[in-house]
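K.L.:
Quick one: structure below, then a few questions.
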Amino acid sequence: MRSSLEHAIQLRHDGRPQEALQELHQLLQHRPDDPDVNYQTAWTYDSMGEESKAVPHYEAALANGLMHDREGAMLGLGSTYRCLGQYQKSRALLDRAVEEFPQNRALRVFRAMTLHNLGEHEGAVQELLLLLLETSSDGSIRSYEKALRFYSDKLSQTWD
């Protein structure tokens with residue numbers, strides 16, 4: 001099975017997602033609950049812009065104990081929920097993913113996009129400002145770090 005899964009992954013990487021899906025669906029016929037096969041199936045659908053078809057496979061991968069690529073699956077599913085307009089599901093999943101993988105800044109970026117979609121613009125901008133301060137080496141940004149950190153959670157506040 002492992003070589004068939006690796007072959008399907010290679011097909012996707014080679015830009016042959018339909019062939020990858022054929023192989024993945026054959027694997028799923030024999031092992032429908034396999035978390036790795038479900039994750040790779042979800043990823044393939046996602047890469048083809050077929051988010052609705054990706055969701056049940058992401059969910060199955062996570063529900064059945066995906067460990068090796070759990071971080072990527074949580075990001076993929078959270079992003080997919082967002083793309084489908086399922087913002088509450090996206091936020092809940094991405095909140096959990098950020099707690100589980102605090103070092104993964106990409107999760108925080110996707111969560112910021114979801115916050116924007118939920119109308120929580122200040123929270124989204126705050127998250128992005130803090131990420132910018134954590135990752136930027138730009139001197140003009142670094143020189144204002146103290147002020148940007150101070151204002152990051154006071155974006156609508158004014159002073160007389």
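The values are calculated or read from the model by the stated rules, or taken from the named source; none is laboratory data. For clarity, every value in this text was computed on a predicted model and none was experimentally measured. Here the Cβ positions follow ideal geometry from the backbone for every residue, glycine too, while neighbour counts run over all protein chains shown.
K.L.:
Could you please tell me which pairs satisfy a Cβ distance under 6 Å, a separation of 6+ or placement on different chains, a first residue in the range 9-28 that is surrounded by 14 or more Cβ atoms within 10 Å (Cβ to Cβ), and a second residue that is assigned to a loop (DSSP other than H, G, I, E, B)?
P.N.:
Short answer, once both residue conditions are applied: 17/48.
K.L.:
Now for a separate question. Would you pick out the residues in the range 88-99 that are surrounded by fewer than 17 Cβ atoms within 10 Å (Cβ to Cβ) and either in contact (Cβ under 8 Å) with a residue 40 or more places away in the chain or within 8 Å of residue 74 (Cβ to Cβ) (or both)? Break it down into steps so the answer makes sense when it comes.
P.N.:
Residues of the range 88-99 that are surrounded by fewer than 17 Cβ atoms within 10 Å (Cβ to Cβ), as a first pass: 88, 92, 95-96, 99.
Once the filter is applied, which keeps residues that are surrounded by fewer than 17 Cβ atoms within 10 Å (Cβ to Cβ) and either in contact (Cβ under 8 Å) with a residue 40 or more places away in the chain or within 8 Å of residue 74 (Cβ to Cβ) (or both), the range 88-99 yields only 96.
K.L.:
Let me ask another. Restricting to the range 16-27, name every residue that is more than 15 Å from residue 50 (Cα to Cα) and under 22 Å from the mean Cα position of the chain (by Cα).
P.N.:
The answer is 24, and nothing else.
K.L.:
Restricting attention to the range 113-126, does a residue exist that is under 30 Å from residue 37 (Cα atoms) and buried (at least 16 other Cβ atoms within 10 Å of the Cβ)?
P.N.:
Filtering the range 113-126 down to residues under 30 Å from residue 37 (Cα atoms) leaves 113-114.
Now drop any that are not buried (at least 16 other Cβ atoms within 10 Å of the Cβ), which leaves 113-114.
Checked the range 113-126: at least one residue is under 30 Å from residue 37 (Cα atoms) and buried (at least 16 other Cβ atoms within 10 Å of the Cβ).
K.L.:
For residue 160, all conditions in the list (1) outside any loop (DSSP other than H, G, I, E, B); (2) of a type outside the set (A, V, I, L, M, F, W, C); (3) at pLDDT below 95 hold save one; what is the number of the exception?
P.N.:
(1)
K.L.:
Considering every residue within the range 60-74, establish whether at least one is among the polar types (S, T, N, Q), modelled with pLDDT of 95 or more and assigned to a helix (DSSP H, G or I). Spell out the reasoning first.
P.N.:
Step one: list which residues in the range 60-74 are among the polar types (S, T, N, Q), which gives 64.
Still in the list and also modelled with pLDDT of 95 or more: 64.
Those still in the list that are assigned to a helix (DSSP H, G or I) too: none.
No, the conditions are met nowhere in the range 60-74.
K.L.:
Does at least one position in the range 100-122 carry a residue that is assigned to a helix (DSSP H, G or I) and of a type in the set (S, T, N, Q)? Can you show your working first?
P.N.:
First, the residues of the range 100-122 that are assigned to a helix (DSSP H, G or I): 100, 105-117, 121-122.
Of the ones still in play, those that are also of a type in the set (S, T, N, Q) are 114, 117.
Taking every residue of the range 100-122 in turn, at least one turns out to be assigned to a helix (DSSP H, G or I) and of a type in the set (S, T, N, Q).
K.L.:
Then there's this: Considering only the range 139-160, state which residues are among the acidic types (Asp, Glu), more than 24 Å from residue 88 (Cβ to Cβ) and surrounded by 10 or more Cβ atoms within 10 Å (Cβ to Cβ). First the steps, then the outcome.
P.N.:
Step one: filter the range 139-160 for residues among the acidic types (Asp, Glu), giving 145, 153, 160.
Checking the rest, the ones that are also more than 24 Å from residue 88 (Cβ to Cβ) come to 145, 160.
Across the range 139-160, the qualifying residue is only 145.
K.L.:
Does the range 1-52 hold any residues that are part of a helix (DSSP H, G or I) and among the hydrophobic types (A, V, I, L, M, F, W, C), and which are they?
P.N.:
Step one: list which residues in the range 1-52 are part of a helix (DSSP H, G or I), which gives 2-13, 17-30, 35-47, 51-52.
5, 8, 9, 11, 20, 21, 24, 27, 28, 37, 42, 43 - these are the residues of the range 1-52 that are part of a helix (DSSP H, G or I) and among the hydrophobic types (A, V, I, L, M, F, W, C).
K.L.:
Just to be sure before I move on: is residue 102 surrounded by 13 or more Cβ atoms within 10 Å (Cβ to Cβ) and free of Cβ contacts under 8 Å to residues at least 60 places away in the same chain in the structure I sent?
P.N.:
Working: surrounded by 13 or more Cβ atoms within 10 Å (Cβ to Cβ): no; free of Cβ contacts under 8 Å to residues at least 60 places away in the same chain: yes.
In short, no.
K.L.:
If residue 132 satisfies every condition in (1) in contact (Cβ under 8 Å) with a residue 24 or more places away in the chain; (2) in a helix (DSSP H, G or I); (3) farther than 27 Å from residue 47 by Cα; (4) of a type outside the set (Gly, Ala, Ser) but one, which is the exception?
P.N.:
Condition (1) is where residue 132 drops out.
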